[in-house]
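**Q** Please see the structure below; I have some questions.
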Amino acid sequence: MKEKLLCIDPYANEEDVIHIGELDIENRLDRISIHGSVDITKDQQGLEYAFALKRQIDTIVEYLKKQALPEKISVENVAKEVNNPFE
């Protein structure tokens with residue numbers, strides 16, 4: 001039996017990631033990051049992916065609708081450059 005694609009609890013932590021095909025949906029405290037791609041094929045797998053994506057987007061939208069949201073937040077890139085240990 002195939003594993004059911006689950007939803008993340010939006011903005012709850014910096015750890016959760018779900019994968020829908022090659023699409024990654026990453027949970028963050030201040031944003032949800034979506035990277036990659038997914039093919040919604042005309043078959044059972046495509047239907048499963050479509051429902052999983054819809055379920056996640058619907059969950060995010062419902063969460064955001066319940067919040068007092070600012071116009072726009074500033075998102076800082078926390079990635080920093082480090083020395084290559086192999087050089």
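**Q** What list of ³J(HN,Hα) values in whole Hz, one per residue of segment 14-28 in order, does the Karplus curve 6.51 cos²θ - 1.76 cosθ + 1.60 (θ = phi - 60°) give from phi, with Gly and Pro shown as x?
**A** 10, 10, 5, 9, 10, 10, 10, x, 9, 8, 10, 10, 9, 7, 9
**Q** Taking only C-alpha pairs under 8 Å that are 6+ residues apart, what is the relative contact order of the chain in percent?
**A** The normalised contact order for the chain reaches 21 percent.
**Q** Just the number please: accessible area per residue for the chain, 1.4 Å probe, all protein chains included, in Å².
**A** About 84 Å² of surface per residue is accessible.
**Q** Most fluctuating residue of GLU71, GLU62, GLU15 in a GNM of the chain with Cα springs under 10 Å: which is it?
**A** GLU71
**Q** Now for a separate question. Suppose we flag trypsin sites (Lys or Arg not before Pro) only when DSSP calls them loop and at most 13 other Cβ atoms lie within 10 Å. Which is the longest uninterrupted stretch of the chain?
**A** The reported range is 5-30.
**Q** Considering the values (i) 51, 27, 13; (ii) 37, 31, 18; (iii) 46, 44, 20, which represents Cα extents along the principal axes in Å as calculated for the structure under consideration?
**A** Correct label, based on the coordinates given: (iii).
The values are calculated or read from the model by the stated rules, or taken from the named source; none is laboratory data. Here the structure is a predicted model, which means the values were calculated and not measured. When we count neighbours, we look across all protein chains shown, and the Cβ atoms used for this are built from the backbone with ideal geometry, even at glycine. The protein model used for the area step is the full one, side chains on, heavy atoms only, and it has no ligands, DNA or RNA in it. Shrake-Rupley method; radii C 1.70, N 1.55, O 1.52, S 1.80 Å.
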